[in-house]
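Colleague: What follows is a structure written as structure tokens; I'll ask about it next.
Each value in this text was obtained by applying a stated rule to the coordinates, not by laboratory testing. Computed from a predicted model, the values in this text were never measured in an experiment. Quick reminder, even Gly has a Cβ in these numbers, built from the backbone with ideal geometry, and neighbours come from all protein chains shown.
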């Protein structure tokens, strides 16, 4: 969509490693998202994938983070990602709290679950992509305990915005993580999110 | 308790109980296990008869015994318990909790072998196995030292806000009678005043949450003041143990001034001055080593004994000073880190590593599960070590004394 | 006379902005428990959701003295705190409250609790029963109901829960009560009554858990009430061996109207989603038998 | 760096907001309609069921009761249990930009 984003992806490819940080709320499944993305990336040809939660006792609704690293070589750094190339935000309200942009590499990519436009989020020095992932989850009837589940749906947006993983790999990874109708709904939600997210490089 | 100092013949367990009573302990919780049981039997009798004004909680397990002490110590009471072997293992979770919470609990350990297989007799595997839990560990060589060390233990514990284990050999001391001088209550009261205010605050008018989850990192409080994370709290705990290297000898000296007996502080020695071969051990085994050393001296071997009184904190500087320039040090352990060697031996090797005039350090294993070991056998082990030393043997394995490997 | 909502004190010991999940039943209950004891208390809490509720160092979410202890040791810690307060002359007007979850009570903590009950230690033990190990991710406990799916009973638990209040009653302690986080006035009255009794007082409190049971957080109270309507949870108290139904359970028994079928209750929660019809029948029969037992005991002349 | 010698133990003091401004957790906010609220209509303190049942101590007793939106997590118990149906849970944020057409294609 924008030359800027293509340049980011090219730069990240040159450095051969992608540091991704997830921001969500307890119960939204950021940890699941991070794990499934690692699986999808492995299926997309990354030899080194790593996803880990930030360990704590966060409850439903509390801000949580997770870290993912993707590389062509096995990963040996197990520390949390503090200077991400890519930030993925499952809950738009977290942007205003400042966590998602902390330590973001200049010109990094921020993917936000939001029905609004990127320019409204007030994030500077970064390429921002919004995707109404909650809307996608609702459209796929992916509702658990009264809440739309965005954890897998956002992977469609990530696949679209970064091009790092194929949608096919995302679907395989979801199928691996879920079973039966749950897998079907999760895949559908991810597909919807993929379709309505601006494509990256 | 008597108004006058008096000497009588008593067991090690009775000496421990007498110390707890003299300390005017406020809450006692215990569960029976051989060979510790007589300690709490005696204390419960004194509480029932009114001779000791304390709460005695007859719990249903060792885990609860130490937990009751933790609860009572948290709200400010002076507390005591005692156990052995599997009882200590069963309460291990709480052994860590008591130390991490900085509670000045005193616990006597009548040292006993760990099962399986069952064995109620003495070795030091039980307390050695919890050496890393953050308690001060003191080992006693006779019943008088049990009484005196237990009294010193509260003084040390309450000064440093750290729990203290007073370890003594099961049966060899716990059930063996010998003369023990019990100091007058008034003298002990002067040495050991009532417990001062605890670190913990349990007050509805100043409500606090004690021992909550602590994050890895530092975190600001509601006023924005940065507070320690888990690692700072552990570092402070470690610093407290290291401070004990000064406090243990100080309290031993204060006890000497008040009561008239001192026990050497961190270590003690016998014929060490010109010794070329130093025999090292903790507890009653070291007392036996003094006999072996004298036998060796009669043969012209310049042997001496270095007794380890404080095992945690490990008195590195004291041991280095005492061992510098000696030819050899033979460490007798009554415990084993399976797959390696005796724990005191390992620690001593590490302490001496890189010292310019360090002796050769050898290890010997003895007395597991109550296996008899005589001064002659100990002397034999010393002769074997010396011979290997003269022969230039480098990697000398641990010497198992009085073992029948063919069986 | 039972306390009415308008008569409940506005105590403020439980602070907002705490770490509990939205809709957590513990919060409703803890507000009443601390109010009933007027904050003149020492709480002791093992590893559990309540630990997290209480907050991470250096900030506490509850304005009463609180002593954290290891998982199996709640009742022993309370014994020690009570003994320590007596020994140091600070027990006057202070209530020791041990508060643990169902796993900490009925599983790993039952030994210490049984010992304390046998010794008739002087404290209130409140079990907040959310019917599984919620703090560690919803593994089964000895209190998980039959048919409930947990992360260690994927096909649904096969066994009925322990009857913890009756186990405690068998110890002969002076006061045993059941309660529900959905009925704050009934809970308040029971804690007030327990405060005035010496010895071990045991209160077993049903505590709906949105994330562990799988329901919308708005339904915490609705489902807590529904559990009582079905008779799966029976509100009662036992003093000196005499059982008396209380609150909604008493009204239900007096009304003679049929209880709500268990099927209506299980349909509200994802943990029962794959419950087999025969399991449902078994749970209904279990609830019926228990209900009849308590109604019969309630009718016995005291 | 050497370890501090002063004994440090973990002992917390109470304060609101231990977990931060938990109002941020909220997806829906409770909005009270004074025209329906029994207490608001009568102008004196009655009912107060919402206050009693709030698990987060976020409702202040009064006529009408007030919700502390800084900390309210939006559980919705107050709305569910209000006998007059006076509290509505309104979404903090609208969704639906990416909806699916009748033929199933995303637009």
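Colleague: State, to one decimal in nm², a quarter of the convex hull surface area for the C-alpha atoms of the range C:127-255, i.e. the direction-averaged projected area. All intermediate terms of the calculation are to be shown ahead of the outcome.
Modeller: On the way: hull surface 33.4 nm².
The Cα convex hull of the range C:127-255, projected and averaged over all directions, gives 8.4 nm².
Colleague: If I model a spin label at residue C:263 and residue B:273 as a point 7 Å from the Cα along the Cα→Cβ vector, what separation in nanometres do I get?
Modeller: 9.7 nm
Colleague: Mind running the shape call on the protein assembly as shown? Use the C-alpha gyration tensor, a ≥ b ≥ c as the square roots of the eigenvalues: rounded below 1.5 for a/c, prolate if a/b tops b/c, oblate otherwise.
Modeller: Oblate is the answer for the protein assembly as shown, as a/c is 1.5 or above yet b/c matches or exceeds a/b.
Colleague: What list do you get for B:268, B:97, D:25 if you sort them by fewest beta carbons within 10 Å? Could the numbers behind the result be given before it?
Modeller: Working: B:268 19, B:97 23, D:25 27.
Going from least to most buried by this count: B:268, B:97, D:25.
Colleague: Please compute the average number of Cβ atoms from other chains found within 10 Å of each residue's Cβ in peptide D:56-63.
Modeller: Counting other chains' Cβ atoms within 10 Å and averaging over D:56-63 gives 5.
Colleague: Next question. Can you tell me what share of the DSSP beta bridges in the protein assembly as shown is antiparallel? A percent to the nearest 5 is fine.
Modeller: Given both bridge residues lie in the protein assembly as shown, the antiparallel proportion sits at roughly 40 percent.
Colleague: While we're on this one: Out of the DSSP beta bridges found with both residues in chain B, what percent are antiparallel (nearest 5)?
Modeller: 25 percent
Colleague: Okay, next question. Go ahead and run the numbers for FRET between residue B:246 and residue C:166, Cβ-Cβ distance against an R0 of 41 Å, rounding to 0.05.
Modeller: FRET efficiency, residue B:246 to residue C:166: 0.15.
Colleague: Fewest to most neighbouring Cβ within 10 Å: what's the order for A:199, C:218?
Modeller: Least crowded to most crowded, the residues run A:199, C:218.
Colleague: Additional query: Determine the percent antiparallel among the DSSP beta bridges restricted to the range A:3-195, to the nearest 5.
Modeller: 55 percent
Colleague: Say each of residue B:327 and residue B:406 gets a label point 7 Å from the Cα, pointing the same way as Cα to Cβ; how far apart are those two points in nm?
Modeller: Spacing of the two 7 Å Cα→Cβ label points: 3.2 nm.
Colleague: Note the angle between two axes, namely the Cα long axis of helix B:12-22 and the longest principal axis of the Cα atoms of chain B, as a number of degrees from 0 to 90, rounded to the nearest 10.
Modeller: 30 degrees
Colleague: I would also like to ask the following. Mind checking the mean number of beta-carbon atoms from other chains within 10 Å of the Cβ atoms in C:205-218?
Modeller: Across C:205-218, the average partner-chain Cβ count within 10 Å equals 4.
Colleague: Let me ask something else. Where in the range A:160-192 is the amide nitrogen less than 16 Å from a point lying 7 Å along the Cα-to-Cβ axis of residue A:143?
Modeller: Residues A:185-186, A:189 fall inside that zone.
Colleague: While we're here: Once both axes come from the Cα atoms, what is the angle between helix C:277-299 and the longest principal axis of chain C, in degrees from 0 to 90, rounded to 10?
Modeller: Between helix and principal axis, roughly 50 degrees.
Colleague: Sort B:271, B:91 by Cβ crowding within 10 Å, fewest neighbours at the top.
Modeller: Ordered from fewest to most neighbouring Cβ atoms within 10 Å, B:271, B:91 come out as B:271, B:91.
Colleague: Sticking with this structure for a sec: Working out 0.36 nm times the residue gap between residue B:199 and residue B:395, then minus their Cα-Cα distance, what length gain in nm do you get to one decimal? Provide the component values of the computation, followed by the final result.
Modeller: On the way: separation 196, 0.36 × 196 = 70.56 nm, distance 4.85 nm.
In short, 65.7 nm is gained.
Colleague: Let me ask you something else. Pick from B:199, B:138, B:336: which is most flexible by mean-square fluctuation in a GNM of chain B where alpha carbon atoms under 10 Å apart are linked?
Modeller: B:199
Colleague: How much length is gained if the chain between residue B:2 and residue B:230 is pulled fully straight, taking 0.36 nm per residue apart and subtracting their Cα-Cα distance, in nm to one decimal?
Modeller: 77.5 nm
Colleague: For residue B:118 and residue D:90, what is the calculated FRET efficiency with R₀ set at 56 Å and r taken between the beta-carbons, to the nearest 0.05?
Modeller: After rounding to 0.05, the efficiency reads 0.25.
Colleague: Label chain A by shape, choosing from rounded, prolate and oblate, from the square roots a ≥ b ≥ c of the eigenvalues of the Cα gyration tensor; if a/c is under 1.5 it is rounded, and otherwise prolate applies when a/b is larger than b/c, oblate when it is not. Provide the component values of the computation, followed by the final result.
Modeller: Values: a/c = 1.26, a/b = 1.16, b/c = 1.09.
Since a/c stays below 1.5, the shape of chain A is classed as rounded.
Colleague: Kindly state, to the nearest 0.05, the FRET efficiency for residue D:46 paired with residue C:296, given R0 = 30 Å and r defined as their beta-carbon distance.
Modeller: So, using R0 = 30 Å, E works out to roughly 0.20.
Colleague: Please give, to one decimal in nm, the separation of the simple spin-label points placed at residue C:282 and residue B:189, each 7 Å out from Cα toward the Cβ.
Modeller: 6.7 nm
Colleague: Using only Cα atoms and rounding to the nearest 10 degrees, what angle (0 to 90) does helix B:375-390 make with the longest principal axis of chain B?
Modeller: 60 degrees
Colleague: I need the shape label for the range B:267-388. Rule: rounded when a/c is under 1.5, else prolate if a/b > b/c, else oblate, with a, b, c from the alpha carbon gyration tensor.
Modeller: Details: a/c = 1.44, a/b = 1.04, b/c = 1.38.
Verdict is rounded for the range B:267-388.
Colleague: For the range C:27-119, compute Rh as the Kirkwood radius over C-alpha pairs and then the Stokes-Einstein diffusion coefficient at 10 °C and 1.306 mPa s; write the answer in µm²/s, rounded to an integer.
Modeller: Result for D is 117 µm²/s.
Colleague: Full extension from residue B:299 to residue B:181: what is 0.36 nm times the residue separation minus their Cα-Cα distance, to one decimal in nm?
Modeller: 38.9 nm
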